[in-house]
Each structure stands twice: as structure tokens, then as C-alpha cells.
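Trainee: Dropping a structure here in C-alpha cells format, bear with me for questions.
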Amino acid sequence: MKMTEYSNYKFKDFISDETFCNYARGLNNDDVKAWEDWMQENAGNKKIAEDAKRHIRLLSFKKKSLPDDYINKEWLRLTTKIDFNKQEPIKLNKKFKIKAWRNVAAVFLVFCLLSVLFFQKSFFSHKNKIAYKEIVVPNGKIKKIILPDNTIVILNSDTKLKYSDNFGKKKREVFLEGEAYFDVTHNSSKPFIVHTCDNTIQVVGTAFNVSAFPEDNIHFVSLERGKIKLAENGKGHYSYLSPNQIYLLIRKSNQSKIFKSQDIKLYSSWKEGEIRFVNQTFVDITTKLERSHNVVFNIKNNKIKKCRYTGKFTRKQNIESILKIIKLTTPFNYEIKNDTIIIN
């Protein structure tokens, strides 16, 4: 698969490319690896590609409606029985008149039936259509919102949260792409449910953090207060989290584990403006900095990609001062062109 030809791809090109769709959905390991390498080497098109990837993975909702096949078959059956263009001489005898009127009545009834079916389909399709509110937080920003049930949600950079206009009436359900901190209002009769691309998290009243960026290999849920019931999508079993526990999912190997943390608030420190990393690769760190500082990294130095670091920065620090600190332990050269940082 030659990846050089994709450097000029636009949004519509990405979403119509079969290999890119396989990569976005994780359906083909070769396509996933090829496009991940391409993303690292093509900073200019990275934002467009990531946006296309998010759209491909966007949750869709299926609604039941009257089958179109039935209506189409009824119409076909009717038109094959009646030839509207055929003209034959009509003998106006009484017996034929009665038969003709019966045929007309039958045709009329069929048309009435079809009209009712079309109306029913249109009416119920419109009735069952659910409107959703979507909150999008761009890179470089953090947003705090309050849901209709008074649940507090803090959304990290590059995050989307979606919920229906009927939220809280029958159920409390949200859909998350990215990272968010939830302080959920207690309601035992209406559990609060968070859907991500890999997990479904159910709580009653609790405080927890979810990190589930579609493009990240590591997803995690950290619990500060209350209790969590967590399901891995497509699997039949559940896991339960108690305070100070963390659920960790490694997506590429499809492995997960639960462990206890001595400092659980470390995992939600981003909402206070902190950027923390523990034994993380240079690539993972630059991904965080892209979101927090709204920049794009183009790493041409392959040796530094796998170097690991532990440290802490804040959003208030400018990107150049952060790079100068990182390069104290591992020397590298960088060049800043507008919002793009080239690592040589």
C-alpha cells in the first residue's frame, strides 16, 4: 500500500477510501499500521484525517420502521395487473359494467391502502426521530457544562459529548468521544450511562473520569467516589469499580485490567489545567500537547519517538518552554512554523 499518494487527500477523499475506513474502524491490522505511520509523517493533513476518522466512527442510531420492500412489492403487484396504456373496445353491457366497477373499486382500495402505508411510515418515522444536542470542545480549550439533571461535566480538549433532548425524562444517557470528568447527581431509579466506542459505563451517583479518544490505544476510567458498572461492548460480562480503582483498556491487544491507585485525582488533574505523564513515549506526550495547546507535531526524528518521560506541565506554559524542558534529557532540534512543530 503506497501512502505517498494520500498527501493531498481532502475530507471527502478520506471518508470514501476503503483502507482509511478500515483503519478508522480497526477492521484491518495492515491498514491500521499503514495509516498510523502516515498520520505521523503527514502533519499538514493530520487534522483533516482525524476529523474524517471521527465522522466514520460516529455513533449511528437505528430505528425500526415499516419495511420499504413491502410497499414497493405492493405497488409492483398492482402495476403488473393493470396496464394503464392498453386500450381495448368496451362493450357496455350491464354485466361488464358491474365487473368494471368492481375492478375500479379494487384499484381504489389498493391505492387507499398504499396511501395509508406511506402516511403511517412517514408519521412514525418522524415521531420516532430523536433530536440530539452535541457539545464540541476544540483543541486548546476546556469546557464545563451542567446537564438537565444537574450533573456536572467537564470536557477536555478535542472532546465531543452528545445527549438527547429527552435526557432525564426516561433515562440519563450520554455519548462520549474524548475525555470528560463526571460528577453525577444521584438518582437510583434512572442510572446515568456513558457510551464510548469500546465501553458502556453505568452509575447512579458518583464522580469519575473517562478517557476514550477514538484514536488513542489506551482508554481508561478512574473512580473517585461511588460505584461503577462497566461493560466492554460486544462482550457479555461486566466489571465493577470501587473508589480509587482504575479500569484500563489496551485496544490494540484487546486486553483490560483493573488496579488501585494511591493518587486517583492524578487521572483527572487535566481539569485543573495540568498536563501529567508517567513513563509515556514522546509520541504520546505530543498527542496530549496537540490537544492542550492546539498545535500539530511532525516528528521526523524516529529515534525520539519511543523515548519515555515522566513529568508535569500546565496549560499556561507556552509550547516552546515545554519543549525546552523535554529536550534537557533527550537533545533534539525543533522548528515552529505557525501551528506546526517539526521535530528533527
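Every read-out reported here was derived from the displayed coordinates using simple, explicitly stated rules and does not represent laboratory data. On a predicted model such as this, the values are computed, not experimentally measured, just so you know. Quick reminder, even Gly has a Cβ in these numbers, built from the backbone with ideal geometry, and neighbours come from all protein chains shown.
Trainee: How big is the charge dipole of region 132-266 about its Cα centre, in debye rounded to the nearest 20, if each Lys and Arg gets +1 on its Cβ and each Asp and Glu gets -1 on its Cβ?
Mentor: With Lys and Arg at +1 and Asp and Glu at -1, about 360 debye.
Trainee: In addition: Need one number for region 243-344: average projected area of the convex hull over its C-alpha atoms, nm².
Mentor: 7.5
Trainee: Here is a further query. Using a simple spin-label model with points 7 Å from Cα along the Cα→Cβ vector, what separation in nm is obtained for Ile145 and Arg308?
Mentor: Taking the two extended label points, one gets 3.7 nm.
Trainee: Among Thr287, Thr330, Ile341, flag the residue with its Cα farthest along the positive direction of the charge dipole of region 273-343, charges on Cβ as +1 for Lys/Arg and -1 for Asp/Glu.
Mentor: The one lying farthest along the dipole's positive direction is Thr330.
Trainee: Let me ask you something else. For each of Tyr9, Tyr238, count neighbouring Cβ atoms within 10 Å of the residue's Cβ, then give the residues from fewest to most.
Mentor: With the sparsest Cβ surroundings first, the list reads Tyr238, Tyr9.
Trainee: Now for a separate question. In region 166-259, if every C-alpha pair distance is counted and binned at 10 Å from zero, what percent goes to each bin?
Mentor: In order of increasing distance, the bins hold 16, 53, 27, 3 percent.
Trainee: Same structure, new question: Using 0.36 nm per residue, how much length does the chain from Ile193 to Gln317 gain when fully extended, once their Cα-Cα distance is taken away?
Mentor: Gain on stretching Ile193 to Gln317: 41.1 nm.
Trainee: Taking the Cα atoms of region 4-57 alone, what are Rg (to one decimal) and Dmax (as a whole number) in Å?
Mentor: 9.8, 25
Trainee: Can you give the charge dipole size of region 273-343 about its Cα centre, rounded to the nearest 20 debye, using +1 on the beta carbon of Lys and Arg and -1 on the beta carbon of Asp and Glu?
Mentor: 220
Trainee: What FRET efficiency would be calculated for the residue pair Asn344, His186, taking the C-beta separation as r and a Förster radius of 51 Å, to the nearest 0.05?
Mentor: That pair, Asn344 with His186, gives E of 0.45.
Trainee: I want to check the label-to-label distance for Lys47 and Lys300. Put each point 7 Å from Cα in the C-beta direction and report it in nm to one decimal.
Mentor: The modelled label-to-label distance comes out at 2.1 nm.
Trainee: Students often get this wrong, so check it: of Lys53/Lys144; Lys143/Lys300; Lys160/Lys265; Lys46/Lys257, which have C-alpha atoms separated by over 29 Å?
Mentor: Result: Lys143/Lys300; Lys46/Lys257 exceed 29 Å.
Trainee: Using 0.36 nm per residue of separation minus the Cα-Cα distance, give me the extension gain between Lys169 and Lys260 in nm, one decimal. Could you put the intermediate results ahead of the total?
Mentor: Working: separation 91, 0.36 × 91 = 32.76 nm, distance 3.53 nm.
Additional length available on full extension: 29.2 nm.
Trainee: Tell me the label-point distance for the pair Ile218, Ile250, using the 7 Å Cα-to-Cβ offset, in nm and rounded to one decimal.
Mentor: The modelled label-to-label distance comes out at 1.1 nm.
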